Each structure stands twice: as C-alpha cells, then as structure tokens.
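Enquirer: Please see the structure below; I have some questions.
The values are calculated or read from the model by the stated rules, or taken from the named source; none is laboratory data. Being a predicted model, the structure only gives us computed values, none of them experimental. FYI the Cβ positions are ideal-geometry reconstructions off the backbone, even for glycines, and counts take in every protein chain you see. Side chains included, ligands, DNA and RNA excluded: accessible areas come from the protein's heavy atoms. Shrake-Rupley method; radii C 1.70, N 1.55, O 1.52, S 1.80 Å.
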Amino acid sequence: MTFSNTAILGLQWGDEGKGKIVNYLASNFGAACRYQGGHNAGHTLIVDGKKIVLHLLPSSICHKDSLSLIGKGVVISYEALFSEIEEISNFTSGITDRLKISPACVLIQPYHQLIDLYKEKSNSQKTIGTTLRGIGPAYEDKVARRAIRVIDTLNENHLKPLLEETLDFYNFTIEKFFGKEALSLNRLIDENLAYGEKIKPMLADVSMLIKKINSEEKSVLFEGAQGALLDVDQGTYPFVTSSNCSPSGIAAGAGCGPLDVGNILGVVKAYVTRVGEGPMPTEINDELGEYIAKTGGEIGATTGRPRRCGWFDAVLMKRIIQTNSISGLCLTKIDVLDGLEEIKVCKAYDNESIDSIFGECMNLEDINPIYDFLPGWESPTKNITKYEELPNEAKDFVSYIEENCEVPVKIISTGPDDQSTIVR
Ligand code: GDP
Ligand code: IMO
Ligand code: MG
C-alpha cells in the first residue's frame, strides 16, 4: 500500500494517543517528523510488549527502516534530548543513525526553565499549569529574535557573545525580579559547546531531506505534539502551549511547503481530557469522571499530574475539523467506555457564543453543554481488531461522531498496543 505524506495530530487538549498511532503507521513511511513543541510532550508506545514514553524523539524511533526527523519548529533541551536517547537506547539500537535534527531548532536553556517555574509559582492570577519545561520562555526568545539555536553552539566565537548578551538579560530578571541567584556564563558556554559537539553528527537539512524522501517515492508522517485546543492561535488562550500544534504549524515547523503536508488525520479520544488550567465545558466533576480517569489511566505521561476528564465535545471538534482541513479521524480509547450504561456527547451549547466572535477567541468560560445520550455497549470493545466485531452500540457511537463532526473515522483504537487497532 502506498501512502501520501500524512499528518497525525491531536484535536483536543493533548494525550489523544498520537504516539500509538504514529508508531502503528510508521513502517509505511520513509520518516516521521516532529514539527513543534518540545519535551512537554509525552507520547506512549508499546513496543514488543514494553511501554515506552517519548518526549522529544519522534514515535517512529523504534522503526529501523524509517528516519526520525526533528524539524526547526521544535524547541530542544539538550539535557532532555540526550537523556532520552540514552534511555530509549535500552529498547532499540542505532537511534543516532536514524535521528536527523534541524540545526535551526531553538534551544531551551536552563534560564528558560527557571523563568517558567518562577512565573508559575508566583501568586499571579494567570497560572497556566505548564509542564515547567521552559517551553513558553524559549518560544518567547524565538519571536523576540534573541534565541540561541543549535547551530550557534557549534562555534565558540559565535556562541560566547550571543550567550553573554542573553544571559545579561535573564540574570537581571532572575536576580532583580525573582530574587534568585544568577547563572554562570562560563558554565553555560562550556555545556552548550559540549552538547554542540555531541549533536553535530545528527544535524541535517531537514527541509531538503523531506524533499529527498518524497523524490524517492516514500512519504513522511508529520507527528503533532499537544493538540489543536492547546494551539497558541486556535486554542483556549491563554491556557495553551506556545506553539502552533494544529496543521498550520506543520509547514513552518517541518520546513516544507503547505501543499507537501498531504493528508491530515486528527486523533481524538472517545471522551476528552485536559491537564493544567483552563476551560473544559464537558468536564465531569463526579465519581464517573474519576472512574473514566482510573479506567483510562489518565495520568500525565510527562508530569504525572492527573488528567481532568469530560465527555466528547462534538461542537468544539466540528469547529476544529472545519477550520483545519482534517480529512479523517483516529478515534482512540473507546474501550475505556466499555461497561458504561450511557454515554453522553455534547451536541450544542446553551448559548450561541461559539458561533460568534467569542468562538474565534475560544471563549468557553460561561458555556454549558447540551448533551445527546447514547446507549452504552454491553460486550467489551477492548482489543477488537475488526469493525464488524464491535457491538452495535459502539458502531452507533462511531457513526454519531462521523455525522456530527462531518468526517470519516478511519482508525479506531481499542487498546494501548498496536494489535488493538481497527483500520477502516
Ligand atoms: P499522546 O500524547 O497523544 O501520544 O498520548 P499519551 O501517550 O500521553 O496518552 C495516551 C495514553 O492512552 C497512553 O497511556 C496510551 O498507552 C494509551 N492508549 C492509547 N490508545 C489507547 C486505546 O485505544 N485504549 C486504551 N485503553 N489506551 C490507549
Ligand atoms: P502531548 O504531546 C497534554 C499543556 C500543559 C499546560 C499547557 C502549557 O503529550 O499531547 P507548556 O509546558 O506547553 O507551556 O504548558 O499545555 N500541555 C499538554 N497537555 N499533553 C501534552 O503533550 C501537553 N503539552 C503541554 O499541561 O496546560
Ligand atoms: Mg501525551
């Protein structure tokens, strides 16, 4: 079977099961490419029965015949990258031969992580509940045009004045604003140069590599991190991450043309989850929410924080699907709803604000959902691999999502491992 370039990205608030789907599909592609975010992501795969959680490495990393690309839109913490490579080398060999990284990636420096922490811990009204990985401050530096990029760490004469100026700025903030101890310039220079040497063999012109892979009649899988509702432009601002995790970020972050993105598949859970602060209209605040969280193992793969759970929100999904050229869905975790007598799906809101200028701003604070009630299914869906074998009520749930979101459900996931997948 031949595939065109395909994007797999989350349409909710992250953790939809992107890692499982990318790992499942990767052997059909020449490469998978991360294009935004950083080690705030936590993508879980089951490989040879073992659970692996990836933060920066693309979810294709265990496929020896595919390349794994990190495009220029990703923010890299050297420390996180190299400790992840070391950890994952316990599961698969040859990572550094298959991993190709853009030298244009912006680096997350220790001062970014400190600023993220201080901002979140100060008693401000605007706690976002970030992953404390320094993601927002690193992207701030990028748009302020003062970021240190991977390429800057390859040459001492180039790096020194750059870091000196940037650290002056940050140390002033760290000392005067947060009352903490300044960071040492020499130490930072040494660390960055050492990591620069280490990353050099993996650097590549990722943009041209994508072209080359396509010219060899192979395709590229673009792997999103986070989800469209956490996108800095399309999400529930300010409770979002600092990158474009929706399709608009792919071309810029991978370094290809918009028409090279190809087919765009959105990953959605059969319910919704959210980690951190921010509105979530269909949140379930009772024991049922706790039951779903427990059954679905809804604990953050990066920070270990509990994920808030809610019912599937077809209103939000339809809007995101319509405005993001989504051609199909991968519906995950339907098995988590096994055994429920009744399943709710949000079909409308009690006011029209989502269809007004408030919708453009994703202003979801004062909204109450109106639900459709669908019957649950008596026999389990867990680990089913054929659509025909799903109980009728589960098929009706899938049809309901297709009708209300106006796109086909192309893949259904019935368990965390690869085998538990239905392709339609
Ligand atoms: P990602 O960030 O989108 O890659 O998702 P995470 O890895 O953070 O969270 C998804 C969780 O659900 C992981 O623990 C997966 O192993 C698990 N998972 C993925 N698909 C399914 C599924 O269909 N059923 C069940 N029960 N678990 C799943
Ligand atoms: P994956 O790729 C779920 C959330 C954080 C916080 C907000 C901003 O595994 O789906 P940040 O550290 O990015 O500045 O935090 O975004 N967040 C995620 N939530 N899954 C993720 O990644 C997330 N990455 C960031 O919880 O609310
Ligand atoms: Mg995750």
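Enquirer: Only loop residues by DSSP count here, and only those with at most 15 other Cβ atoms within 10 Å; note down the chymotrypsin sites (Phe, Trp or Tyr not before Pro) in region 363-408 that meet that.
Expert: Answer by residue number: there is no such site.
Enquirer: Right, another one. Taking the 0 to 90 degree range and rounding to the nearest ten, how far is the long axis of helix 206-215 tilted relative to the main principal axis of the chain, both from C-alpha atoms?
Expert: Orientation of helix 206-215: about 50 degrees from the principal axis.
Enquirer: Alpha carbon centre of region 1-49 versus region 344-409: separation in Å?
Expert: Answer, in whole Å: 23.
Enquirer: Separate question: How far, in nm, would the chain grow between residue 86 and residue 303 when pulled straight, counting 0.36 nm per residue and subtracting the alpha carbon separation?
Expert: Gain in length upon complete extension: 76.2 nm.
Enquirer: Further question: By a straight-distance test (C-alpha under 12 Å), which aspartates and glutamates pair with residue 269 as possible cross-link partners, with residues fewer than eight away in the same chain excluded?
Expert: 15, 16, 298, 313, 335
Enquirer: Per residue, how big is the convex hull of the chain when only Cα atoms are used? Give it in Å³.
Expert: Values: hull volume 59.1 nm³, N = 424.
Taking only Cα atoms, the chain has a hull volume of 139 Å³ per residue.
Enquirer: Over all alpha-carbon pairs in region 190-272, figure out the percentage whose distance exceeds 22 Å.
Expert: 45
Enquirer: How large is the convex hull of the C-alpha atoms of region 349-421 per residue, in Å³?
Expert: About 137 Å³ per residue, rounded to a whole number.
Enquirer: Could you give log10 I(q)/I(0) at q = 0.11, 0.18, 0.19 Å⁻¹ for region 126-236, computed by the Debye formula over C-alpha point scatterers of equal weight, without solvent?
Expert: With no solvent term, the Cα-only Debye profile gives -0.56, -1.15, -1.19.
Enquirer: Could I ask something else about it? Relative contact order for the chain using alpha-carbon pairs under 8 Å, separation at least 6, rounded to a whole percent? Don't jump to the answer; show the numbers that get you there.
Expert: Details: 922 pairs, mean separation 82.9, N = 424.
Normalised by residue count, the contact order of the chain is 20 percent.
Enquirer: Just list whichever of 100/218; 50/218; 51/294; 121/142 have alpha carbons separated by over 21 Å in the model shown.
Expert: 50/218; 121/142
Enquirer: Right, another one. From the cross-link list 72/386; 18/72; 64/200, which pairs have alpha carbons spaced over 29 Å apart?
Expert: Correct reply: 72/386.
Enquirer: By accessible area of protein heavy atoms, probe 1.4 Å, what ranking do 307, 146 get, highest first?
Expert: Sorted by accessible area, descending: 146, 307.
Enquirer: Here's something else I'd like to know. Charges on Cβ only, +1 for Lys and Arg, -1 for Asp and Glu, centred on the Cα centroid of the chain; of 154, 229, 171, which one is farthest towards the dipole's positive end?
Expert: 154
Enquirer: Follow-up question, since we're still on this one. Can you list which of the GluC sites (Glu not before Pro) found in region 116-224 are DSSP loop residues with at most 15 other C-beta atoms within 10 Å?
Expert: Within region 116-224, the qualifying GluC sites (Glu not before Pro) (loop, at most 15 other Cβ atoms within 10 Å) are 181, 216, 217.
Enquirer: Something else about it: Excluding same-chain residues fewer than 8 positions from residue 212, which aspartates and glutamates have a Cα within less than 16 Å of its Cα?
Expert: Of all the aspartates and glutamates, those that pass the test against residue 212 - Cα under 16 Å, at least 8 places apart if same chain - are 65, 260.
Enquirer: Charges only on Cβ, +1 for Lys and Arg, -1 for Asp and Glu: so what's the dipole of region 106-199 about the Cα centre, in debye to the nearest 20?
Expert: Taking the Cα centre of region 106-199 as origin, the dipole is about 380 debye.
Enquirer: What does the charge add up to near residue 73, with Lys and Arg as +1, Asp and Glu as -1, over the other residues with Cβ less than 10 Å from its Cβ?
Expert: On the way: positive: 34, 72, 142; negative: none.
Combined, the nearby Lys, Arg, Asp and Glu give +3.
Enquirer: What's the Cα-based Rg to Rh of region 260-373, Rh via Kirkwood?
Expert: 0.97
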